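Notes to accompany the following structure.
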Amino acid sequence: MIFLKMISQNLTADQALPKIKQYCAYQEPCHAEVRDKLYSFGLNIKDVEIIIIDLIGENFLNGQRFAILFAGGKLRIKHWGENKIKHALKLKQVSDYCIKKALKEIDAADYIKVFEKLVEQKMKTLKSEKNIFVKKRKLQDFLLMKGYERRLVSEVGKIAKK
């Protein structure tokens, strides 16, 4: 059975603040990650909330900035579509407003370019498939799994027939 990390430290709020600032400066975290990290330091709810307010005030913690960087990274590196990015951000407890902002920041041309690259790569793996319908279904399933919108995925049926 897997257990959460045991509380390894019991720090005061004053001791935890510089550590969490360093954590935030190293990589852009979401609010939930910072909150979990602070609890792992052994802080109580009141101290955690005060520190989070301080971090937001000093711009160490910014939900919108996190969402934009997360969405851009997942598109570029993992080639995720909007649906999968949106779902992952919701799992990280990012607000709907920040999610919408992040998805608007994705350049449409880059999004289509990544989509077309995925289609091309998947079609190479499906060359041996003789049945057009099976090929189309596999391609569409792959793209849906990657989080692309159904309206976009339905247009690739024409490509699968080649």
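Some observations on this one:
- Here the contact order of the chain, divided by its residue count and restricted to Cα pairs under 8 Å and six or more residues apart, works out to 20 percent.
- Solvent-accessible area of region 6-162 (1.4 angstrom probe, protein heavy atoms only): carbon and sulfur portion equals 55 percent.
- Sparse-neighbourhood loop sites, GluC sites (Glu not before Pro) in region 1-81 - DSSP loop, at most 12 other Cβ within 10 angstrom: Glu58
- Surface accessible to a 1.4 Å probe, per residue, for the residues of the chain, Å²: 67
- Cβ-based charge dipole, the chain, positive-most Cα from Tyr148, Cys24, Thr125: Thr125
- Once the C-beta distance of Ile77 and Ile132 is scaled by a Förster radius of 30 Å, the resulting FRET efficiency is 0.40 to the nearest 0.05.
- The length gained on full extension between Ala32 and Ser154, counted as 0.36 nm times the residue separation minus their Cα-Cα distance, comes to 40.3 nm.
- Linear extension gain, Glu120 paired with Asp14, 0.36 nm per residue minus alpha-carbon span: 32.8 nm
- Global size of region 18-162 as Cα Rg and Dmax, reported in angstrom: 19.8, 63
- Average Cα contact separation per residue, region 1-81, under 8 Å, 6 or more apart, as relative contact order %: 34
- Overall Cα dimensions of region 23-96, principal axis frame, Å, largest first: 38, 21, 20
- Degrees, to the nearest 10: 45-57 long Cα axis against longest axis of the chain: 70
- Nearest-20 debye value, region 88-159 charge dipole, Cβ charges on Lys, Arg, Asp, Glu: 320
The values are calculated or read from the model by the stated rules, or taken from the named source; none is laboratory data. Remember, predicted model here, so these are calculated numbers, not experimental data. Don't worry about glycine lacking a Cβ; one is built from the backbone with ideal geometry, like all the others, and counts go over all protein chains shown. Accessible surface is based on the protein model in full, side chains and every heavy atom, while ligands, DNA and RNA are left aside. Shrake-Rupley method; radii C 1.70, N 1.55, O 1.52, S 1.80 Å.
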